[in-house]
Amino acid sequence: MRAASLSPSFATLYPEIRPLMTADHIPRYNAPALVADGLATTRGGRRVFEGLSFTVSSGELLYLRGPNGSGKSTLLRLIAGYGKAHAGSLMFGDSDWTEASPAFDGAMIYAGHENALKPVLTLRENAAAYTGVMTGQAPDDARLMAGAALFGLTTLLDRPARFFSSGQKHRANLLRFTLLDRPLWLMDEPTVGLDAANRDVLADLMKRHLKAGGMIIAATHDPIGVEGRELALDDFSPKVVIDEDWL
Amino acid sequence: MTEFLHMGGYATFVWTAYGLTAAALIVLALSSIRGAQKTRERVEALRPRRRKGE
Amino acid sequence: MHRFANPAEFNRLADAILPWAKIIMAAAFAYGLYLALFTSPPDYQQGESVRIMYVHVPAAWMSMFTYMVVAAASFTALVWRHPVALLAGKAAAPIGATFTALALITGMLWGKPMWGTYWVWDGRLTSVLVLFFLYLGYMALWRGLDEEDKAGRAASILALVGVVNIPIIKFSVDWWNTLHQPSSVMRMDGPTMPAEMLWPLLTVALAFKAYFIVVFLYRMKLEINLRKLTVLSSIEARG
Amino acid sequence: MSGGVNTSAIFRAIFMRDVRLAWSQGGTGTMALSFFLIAVTLFPFGVGPEPQTLARIAAGVIWVVALLACLLSLDRLYQADYEDGSLDDLALSPLGLTGVAAAKILAHWVATILPLVALSPILGMLMNLDAGAYGMLVLSLLVGTPALSLIGSVGAALTVSVRRGGVLMSLLVLPLYVPTLIFGVGAIDAAAGMTDPLPHLAFLGAVTLVALVIGPIASAAALKLSLE
């Protein structure tokens, strides 16, 4: 488990607990850099990438590029803590995420392929479920309204998610980025199912997050219109596909 | 000899018990040994080609 | 412990042990059968049918022993992420299931002449039956998940949960048995047994243990080769 | 958002969410309850309505059917979250997966099992249960069924990524239910037969305590596997 109680230097990074502000408030993050050094991982007995190193510091956006199966999602889930690195190290400031098993570190918001919506619950209830899991409290009403307005979901706040279109479901999933103040955003194919208008909304949200000192790692094919560094996973495809023992 | 085979009237039970046990253990042993050999041959078949192909 | 982590190392160890295990197995089987079928006396009550005990009891012991092997392999696999130990559980389980099935069948064949019915809800026999389902669950879970490595670790977790519950199950079944059937029917207590009955029992038990080691090592070679095949074919797929 | 995040609030939030989902449309609450009622009423058709026979098997039938109802309702305990992606969010909760598993198990027990226990006396009447045993019927179910949810949760977590994992799960979990069943029914039969039910209850409680330790931890380990 990551350090259950956060290391002191870590705890001072975040604004102390105060009522969650509305969506357009600008939190001030001065988070440490996320440093990956020589990361390697296997998936289903097969080495996915090897010797992968990168650094993402406050205010930076890193795009993960590469064909399907090159390990974009695997890397994102590794950073989120869903799996262990086979080799190498992953540090976020002074807390070690290499051996991380999924646990709260107060640092990230992860949005995966699925939309994590309960069909029977309304958008408001789904949002409360997400913040309930992360902080134990329902989202501040003004903040939820602002976030829903941002993504054009205001009319759906009290409708069960099973009536949503796939685009609406995807935008409802992105709503999580407006509900919590967390420096590191991990986005897996965030623009899938978004029309041009909503793509700009997302781009604007991401730019504001970066300006506030936040960090974003996004695995995506199409350009979002937010300037950021690129990391082609194909450059790290494994030379040695399998450890020799099993040959 | 027949008296021995008769097993004091319990012949069917005693011999079925021993027979089934022997049969099961032999079948398990043979299938394991044959399995080991067959898979080893398949590994050998795949491996040299891989080396050459490298 | 980590020395056996790589399969080549394990194969060398297996090749060293196998010849000795085979010799012991052959000798123990021959001598055990000779004792069980020829020299040991018939029971004053059960007559010749007592000879079934010489197969039934060691098989029941083996079913329990093998589950302990599976649990130990599972613990090693989970705690130290030891790939060969993961396969050891998968290799041992079918042997354990076979011995459990044999214990049940020979138990029924022994029950018929003694009490007139094939199945008797005796405490020991019922515990072996529940153990048989634990084996089935373990092996089914290996096949249930598609990714082999995850299937193995899931089955290992089940084996550890199972091994913790075995004494509880055993105790509750015995308790239930005394509740519904006060007289303990199957008198198989070791120590009070006359020597000439105890020796065949122990010899057959030794034979079964040697047999387990032989077949287990071959099944390990099988499982290691299978894993090599999946790895090699995945390389072919990547081309 | 420093280290002092309020984990008990999170536990309550997850617990309430699952309780509401269990009783929402398509939840397991109504399904388990109706299965429990219908399945028990089948027995008189099978065994005959003759009061003496029904009375003798009443405790066993009610316990076995309650056990099966619990198993049926556990199948989707984690699979629903795994399929819609919310298991990823649950895994990142400060509570940790063990706490999440404990919250979900408690929610399953409260939302799905307690209603069964509340209705068991009615089924006791249907099965002509001995008059003196109704109190013990409810008490033994209250003490014993948590073990069913706890051990069943491990089965559900192990088969979370298995399509139609319900059948596999029952094979994994049913052998582990034997002690709870034996001591649960034993307590009721003892109460009916005027003998002392306390030892049965004590063992039943012990089995539940063991399950309390194993359940959340083994479930969390199994869920971590499926998230990798």
Self-check item: Leading residue by the ranking (surrounded by the most Cβ atoms within 10 Å (Cβ to Cβ)) among those in the stretch D:1-37 that are over 24 Å from A:Pro160 (Cα atoms) and modelled with pLDDT under 90
Solution: D:Met1
Quiz item: Within the stretch C:100-131, can you find the residues that are within 26 Å of D:Thr180 (Cβ to Cβ), not small (Gly, Ala, Ser) and not in a loop (DSSP other than H, G, I, E, B)?
Solution: C:Thr100, C:Leu104, C:Arg124, C:Leu125, C:Thr126, C:Val128, C:Leu129, C:Val130, C:Leu131
Quiz item: Out of (1) away from chain B (no Cβ under 14 Å); (2) modelled with pLDDT under 95, what's the single condition that is false for C:Val70?
Solution: (2)
Quiz item: Name the pairs: first residue in the stretch D:68-80 and at negative phi and surrounded by 22 or more Cβ atoms within 10 Å (Cβ to Cβ), second residue outside any helix (DSSP H, G or I) and not aliphatic (A, V, I, L, M), Cβ to Cβ under 8 Å, at least 6 apart or on different chains?
Solution: D:Gln79/D:Thr159
Self-check item: Failed criterion for A:Asp140 (all others in (1) touching a strand residue (DSSP E or B) at 6+ places or on another chain (Cβ under 8 Å); (2) at pLDDT below 90 hold)
Solution: (1)
Practice problem: Restricting attention to the stretch D:162-180, report how many residues are under 19 Å from C:Ala151 (Cβ atoms), in contact (Cβ under 8 Å) with a residue 60 or more places away in the chain and surrounded by fewer than 21 Cβ atoms within 10 Å (Cβ to Cβ). | Solution: 2
Self-check item: Filter result for D:Leu168 (in a helix (DSSP H, G or I), under 20 Å from the mean Cα position of the chain (by Cα) and away from chain C (no Cβ under 13 Å))
Solution: no
Practice problem: Tell me which residues, restricted to the stretch C:18-46, are of a type outside the set (D, E, K, R), surrounded by 13 or more Cβ atoms within 10 Å (Cβ to Cβ) and more than 10 Å from every other protein chain (Cβ to nearest Cβ). | Solution: C:Leu18, C:Ala21, C:Ile24, C:Ala26, C:Ala27, C:Ala28, C:Tyr31, C:Gly32, C:Tyr34, C:Leu35, C:Ser40
Practice problem: Please identify the pairs in which a residue from the stretch D:12-39 that is touching a residue at least 60 places away in the same chain (Cβ under 8 Å) has its Cβ atom under 6 Å from the Cβ atom of a residue that is of a type in the set (S, T, N, Q), counting only partners at least 6 apart or on another chain. | Solution: D:Ala22/D:Thr28; D:Ala22/D:Thr112; D:Thr28/D:Ser73; D:Thr28/D:Thr112; D:Gly29/D:Thr112; D:Ala32/D:Ser73; D:Ala32/D:Thr112
Quiz prompt | Residues of the stretch D:195-209 satisfying the condition of being in contact (Cβ under 8 Å) with a residue 60 or more places away in the chain and assigned to a helix (DSSP H, G or I) | solution = D:His200, D:Leu201, D:Leu204, D:Gly205, D:Val207, D:Thr208
Quiz item: What pairs come up if the first residue lies in the stretch C:209-224 and is more than 8 Å from chain B (Cβ to nearest Cβ), the second is surrounded by 23 or more Cβ atoms within 10 Å (Cβ to Cβ) and not hydrophobic (A, V, I, L, M, F, W, C), and their beta carbons are under 6 Å apart, counting only those six or more places apart or on different chains?
Solution: C:Glu223/C:Lys90
Quiz item: Within the set of pairs 6+ apart or on separate chains, which have a first residue in the stretch D:94-110 that is within 12 Å of chain A (Cβ to nearest Cβ) and touching a residue at least 60 places away in the same chain (Cβ under 8 Å), a second that is of a type in the set (S, T, N, Q) and outside any helix (DSSP H, G or I), and C-beta atoms under 6 Å apart?
Solution: D:Val100/D:Ser93
Quiz item: Which residue, of D:Gly155, D:Gly184, D:Gly144, is crowded, with 24+ Cβ neighbours inside 10 Å, at pLDDT 95 or above, under 11 Å from the mean Cα position of the chain (by Cα) and not in a loop (DSSP other than H, G, I, E, B)?
Solution: D:Gly144
Self-check item: First in the stretch A:202-224 and surrounded by 16 or more Cβ atoms within 10 Å (Cβ to Cβ), second anywhere and basic (Lys, Arg) and in a helix (DSSP H, G or I), Cβ under 9 Å, 6 or more apart
Solution: A:Leu202/A:Arg171; A:Gly214/A:Arg208; A:Ala219/A:Lys72; A:Thr220/A:Lys72; A:Ile224/A:Arg199
Quiz item: For the stretch A:43-69, how many residues meet the condition of being in contact with a Pro (Cβ under 9 Å, 6 or more places away or on another chain) and within 14 Å of chain C (Cβ to nearest Cβ)?
Solution: 5
Quiz item: Any residue at all in the stretch A:149-158 that is assigned to a loop (DSSP other than H, G, I, E, B), of a type in the set (Phe, Trp, Tyr) and crowded, with 20+ Cβ neighbours inside 10 Å?
Solution: yes
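The values are calculated or read from the model by the stated rules, or taken from the named source; none is laboratory data. Quick caveat: nothing in here was measured; it's all calculated off a predicted structure. Here the Cβ is made from the backbone with ideal geometry for all residues, glycine too, and neighbour counts use every protein chain on show.
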